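The next block holds one structure in the form of structure tokens; read it before the comments.
Coordinate-derived values only; no laboratory data. Computed from a predicted model, the values in this text were never measured in an experiment. Please note: Cβ atoms are built from the backbone with ideal geometry, for glycine as well, and neighbour counts cover all protein chains shown.
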Amino acid sequence: MKEYTPISEFKNHVGEEVTVAGWCYSKRSSKKLYFINVRDGSGICQVVAFLPALGEEIGKICESLDQETSIIVKGKVKKDDRQIGGYELEMSHIEVVGESKDYPITPKEHGVAYLMEHRHLWLRSKRQHAIMRVRHNIVKAIRDFFNDRGFINVDAPILTANAAEGTSNLFETDYFDDKAYLSQSGQLYMEAAAMAHGKVYCFGPTFRAEKSKTRRHLTEFWMVEPEVAYMSLDEDMELAEQFVEYVVQTVVANCEEELKTLERDTEKLKAVKAPFPRVSYDEAVEILKIKKQEYAQSDDEEKRKMSEDILKNGPGDDLGAADETVIGSMHDRPVMIHRYPAAVKAFYMREDPKQPGRALAFDMIAPEGYGEIVGASEREADISVLERKIVEHNLSLDAFKWYLDLRKYGSVPHSGFGLGVERTVSWLCGLTHVRETIAFPRMMDKIWP
Ligand code: 4AD
Ligand code: MG
């Protein structure tokens, strides 16, 4: 595997002759010279071809190069701070591997719909390349955080027999002569695994048949779900804030180049340090009432419009996207809103014994208007309460028989959370829509390519 030198390794090869295998990103010529920007996945560098020294044959090849023609280039690495990546390659030889006539994505501006149609090619573009690398680093940081802290990775099934997060957005599929559903969350399975290992997490794709076309919803998204036996809601909040701080600071430290390409203001990300503010649902509603009035009287038309969306569901109901944006933008780091009304939350959440009607749950809201990134709770550990909740939520007791067993045999207090990877990528990269955060996004109106 030493045959080709990655462009990212040029710093170790100054003055040496190397071979680069990649694609022509762009080119220009001036009389005796060709300047070819080559990308190889690891980076981009400028290749300079001095034609009088290279001969006619090489000249013809340079002339023939199109955007995305695949090429193998030989040359000497020169340090040159003025060039992209800080190095330049003095060409001694070039060979075409595959031609690329009429590449559909040109340097001119294309609409997002067009680019989405060409997602399989769009991935090669500079911004998309940077986003996928940030995502890779986020995924790695997520695994490292839990692996380094004694958590065991347990994989949850994707085909399931019951709903975990409500029945309104389930993907149904035939399962021989039965019905099965694509998993909305691995949580219930992690509860079983936590009783076996203490601290566990699953990390995989989850599915929601969301009919909403928002910039935060995908139908297939990746979620990491830690679950810990004998852990309270307060400890869950501490775990979540340490985790998010770690992921953000690791990305800031490791993705300097990528974040620069994305023109992300990293000062905002550097501020993401634990502890994060905690706001109860009741406090949040009081703040929102005041903000609603304040915005309604603002000179700023956008704020007046937003005022109508604040507490749209009414106090006592779940918070909406506008509410999250308002609360989220009051702080320079994520906020944890806790103790939502139990009625608007999932059946498995434990009610606060000190505040009946309130769930021992929290949502973590990202700053800068990125909305909810984490959903969390302490789980109901009492079998009779849980049975009542399952019935109240119109779920089948039969389907949850195995889950109820966990409360029969050595039930303990336990808590966990789920972090959505795409929303995290969107926030850290400063994107306006989650569709660019995953290589092949799945949305209500998108399943191709
Ligand atoms: O709040 P949610 O629905 O929580 C759960 O699924 C729990 N079972 C997690 C747990 O306690 N183990 O989803 C968790 C997170 C959200 O905060 C959000 O980041 C992401 O998953 N998410 C989505 N991301 C993209 N598209 C969607 N349709 C999403 N729905 C949830
Ligand atoms: Mg949620």
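Note on GLU3 and ILE287: their simple-model spin labels are 5.8 nm apart, each label 7 Å out from Cα toward Cβ. Listed values for the range 231-244 are Karplus-derived 3J(HN,Hα) couplings in whole Hz (6.51 cos²θ - 1.76 cosθ + 1.60, θ = phi - 60°), namely 10, 8, 4, 4, 5, 5, 5, 5, 4, 5, 6, 5, 5, 5, and x replaces Gly and Pro. If R0 is 41 Å, the Cβ-Cβ spacing of GLU294 and THR432 corresponds to a FRET efficiency of close to 0.95.
Extents of the chain, largest first, come to 86, 59, 40 Å (Cα atoms, principal axes, whole angstrom). For the residues TYR25, TYR114, TYR201, a GNM of the chain with alpha-carbon springs under 10 Å puts the largest fluctuation on TYR114. Structure remark: mean-square fluctuation, Gaussian network model of the chain, C-alpha springs under 10 Å; the largest value among ARG82, ARG149, ARG127 belongs to ARG82.
Distance from the C-alpha centroid of the range 397-436 to that of the range 268-331: 24 Å, rounded to the whole angstrom.
Distant-in-sequence amide contacts of ASP317, defined by a placed amide H-H separation under 5 Å and a gap of 5 or more residues or a different chain, comprise nothing. Couplings 3J(HN,Hα) of the range 90-98, computed from phi: 8, 5, 10, 7, 9, 9, 8, 9, x Hz, in residue order, whole Hz [Karplus 6.51 cos²θ - 1.76 cosθ + 1.60, θ = phi - 60°; x for Gly and Pro]. Rounded to the nearest 10 degrees, what's the angle between the helix 383-392 long axis and the longest principal axis of the chain, both from Cα atoms, 0 to 90? Roughly 80 degrees, rounded to the nearest 10.
Each other residue within a Cβ distance under 12 Å of ALA359 adds +1 if Lys or Arg and -1 if Asp or Glu, for a net charge of 0. For the range 201-329, the average shadow cast by the Cα convex hull is 10.9 nm², which is a quarter of the hull's surface. Convex hull volume of the C-alpha atoms in the range 173-250, normalised per residue: 139 Å³. Near GLU372, the amide H atoms lying under 5 Å from its own belong to ALA366; only residues 5 or more places off or on other chains count, and H is placed 1.01 Å from N.
Taking 0.36 nm per residue of separation and subtracting the current Cα-Cα distance, fully stretching the chain between ILE383 and GLU210 would add 59.2 nm.
Amide hydrogen proximity for GLY198: with H placed 1.01 Å from N in the peptide plane, the residues at 5 or more positions away or on another chain lying under 5 Å are ALA229. In terms of packing, defined here as the mean over residues of other Cβ atoms within 10 angstrom, the peptides 253-264, 224-235, 406-417 line up highest first as 224-235, 406-417, 253-264. The alpha carbon centroids of the range 1-76 and the range 132-174 are separated by 41 Å. Note on the chain: GNM, Cα springs under 10 Å; of PRO52, PRO341, PRO157, the largest mean-square fluctuation is that of PRO52.
In summary, the range 7-98 shows an alpha-carbon radius of gyration equal to 0.96 times the 2.2 N^0.38 Å reference for compact globular proteins. Set the Förster radius R0 to 41 Å, insert the Cβ-Cβ distance between ARG127 and PHE176 as r into 1/(1 + (r/R0)^6), and round the FRET efficiency to 0.05. Efficiency for this residue pair is about 0.40.
The tail of the calculated P(r) for the range 285-420, taken as Cα-Cα distances beyond 20 Å, holds 54 percent of the pairs.
Protection proxy ranking for 244-251, 136-143, 100-107, 165-172, using the average of other Cβ atoms within 10 Å per residue and placing the highest first: 244-251, 136-143, 165-172, 100-107. For VAL412 and GLU90, the difference between the fully extended length at 0.36 nm per residue and the C-alpha to C-alpha distance is 109.2 nm.
Here the Karplus curve 6.51 cos²θ - 1.76 cosθ + 1.60, taken at θ = phi - 60°, turns the phi angles of the range 139-146 into couplings of 4, 5, 4, 4, 5, 4, 4, 6 Hz, with x standing for Gly and Pro. In the range 7-98, a dipole from Cβ-located charges (positive for Lys and Arg, negative for Asp and Glu) runs towards its positive end, and of ILE44, VAL14, SER29 it is SER29 whose Cα lies farthest in that direction. Compactness ratio for the range 80-171: Cα radius of gyration over 2.2 N^0.38 Å (N = residue count) comes to 1.78. The simple spin-label model puts a point 7 Å past each Cα toward its Cβ; for GLU63 and GLU238 those points are separated by 7.2 nm.
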